[in-house]
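A short write-up of the structure that comes next.
The values are calculated or read from the model by the stated rules, or taken from the named source; none is laboratory data. If you're wondering where the values come from, they're calculated on a predicted model, not measured in any experiment. Ideal geometry is used to build each Cβ from the backbone, glycine not excepted, and the neighbour counts take in all protein chains shown. The accessibility values were calculated without ligands, DNA or RNA, using every heavy atom of the protein model including side chains. Shrake-Rupley method; radii C 1.70, N 1.55, O 1.52, S 1.80 Å.
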Amino acid sequence: MTEAVTPPLPQPPPSDGLPDQEPAVTPADVRDGATVALVVGVCGALLGLLWAWLAPRVQYVAHGQAVFLKNTEGEGRIGADGTFFLLSLGLGVLSGLAVFLWRRRGGVALVVGLTVGACFAALLGWRTGLWLGPGTDVAAAAAKAGEDAPFDAPLQLLAYGVLLGWPIAAAVTHLALTAAFGPRDPDPTPWTGSYPPPHVHADTNPPQG
C-alpha cells in the first residue's frame, strides 16, 4: 500500500541578494518641504517692502473732473514691473541657495516646497507692495492734492508674468546647485545572485511514493 504524500507548501521566492529599496519620499522629506514652503512664503513680505520702497513713482495731475498723467512719456509704469521682477529674481536666487545649504541632499519634496513657497511669496509681495504704496482711491487723492497739483498714482503691476520670477529663479538655482555640488549616488552593489533564480526551475511535482 502506497503512503499518501502531502505536497509541500509553496515557499516565497528568494530575494536573490537584491537590496531593499528605500521609499523615494520619506515623512522627514515631507516635513522639510513644508518647512521650506512656510519660511519662503513668509519672506514675500520683504519683497513687498522693497518693491514699495524702490519702485519708481508715477504721478497724476487732476484738472477739473479728469485725471491725467503728469509725464506721458515717463517709464514709471514699466519701471514698477521691472523693479518687481529684478527683486523677485534676486530673492529667488537667495532662497534657492539657502535651501541648498540647509539640505544639500536635495529631493523632490524640497523642490516642491521651495516652488510652492516662492509662488505664495510672490503673491504676498505683490499685495504687500500695493498696501504699502500710495492709496488706490485716485479721486480722494486728487481732491486732497488740489487742482493741477501732482500726486502719486497707485502702485500696480501691468505684466502679471513677473510673478513667476521668484519661483523660477528659486527652482533653477536649487536644481543647478544640487546637480553641481550635491551628494553623488553611491556605486551600485554588485549582484551576487544567479540568473535565472533557482526557484524558477524548482520541481513543483510532489514525489510519488
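Odds and ends about this structure:
- Within the assembled protein chains, the solvent-accessible surface assigned to V58 is about 30 Å², based on a 1.4 Å probe.
- Note on A45 and A140: the model spin-label points, each 7 Å out from Cα along the C-beta direction, lie 2.4 nm apart.
- Modelled FRET efficiency - R0 22 Å, T35 with L94, Cβ distances, 0.05 increments: 0.85
- Computed from label points 7 Å out along Cα-Cβ, the spacing between W131 and E147 is 3.9 nm.
- Distance in nm between pseudo-label sites at A179 and V25 (7 Å out along the Cβ direction from Cα): 2.2
- Largest first, the residues F100, F181 sort by 1.4 Å accessible area into F181, F100.
- Label zone at I168, where the point sits 7 Å out along the Cα-to-Cβ direction: segment 91-108 residues whose backbone N lies under 19 Å: 91-97
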